[in-house]
Amino acid sequence: MRGGETVIAARLTAKQPAILTIRISAQALTILPSDRIVDARTGEMFNIREQPRRSRDDPGLLEMLIEAGVT
């Protein structure tokens with residue numbers, strides 16, 4: 001996971017960083033770090049911590065660092 005020491009420090013403060021991978025679409029390309037992600041199944045909210053960027057493994061996917069446990 002990106003961040004190394006930053007990610008470990010976040011986990012120690014009850015934050016839960018993760019990498020979210022989604023398919024590229026016209027709507028996905030409009031996502032900004034000021035937006036939030038909501039898990040449709042649980043209602044849990046995630047903050048976007050970096051601008052989404054194309055996956056190195058598959059150019060048809062976007063990846064972004066998200067974080068739960070933050071207001």
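Every number here is computed from the coordinates shown, using simple stated rules; none is lab data. Just so it is clear, the model here is predicted, and its values are computed rather than measured. Here the Cβ positions follow ideal geometry from the backbone for every residue, glycine too, while neighbour counts run over all protein chains shown.
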_J(HN,Hα) series, the range 27-35, from Karplus relation 6.51 cos²θ - 1.76 cosθ + 1.60, nearest Hz, glycine and proline x_ = 5, 5, 6, 8, 5, 10, x, 7, 7
*Hey, what do the phi angles of the range 44-52 turn into as Karplus ³J(HN,Hα) couplings, whole Hz, using 6.51/-1.76/1.60 and θ = phi - 60°, x for Gly and Pro?*
5, 9, 10, 8, 8, 9, 8, 4, x
*asked:* Which one, Val38, Thr21, Gly60, is farthest towards the positive end of the dipole of the range 16-71 when Lys and Arg carry +1 and Asp and Glu -1 on their Cβ?
replied: Gly60
*Roughly what would the spin-label model give for Arg23 and Ser55, points 7 Å off Cα along C-beta, in nm?*
1.2
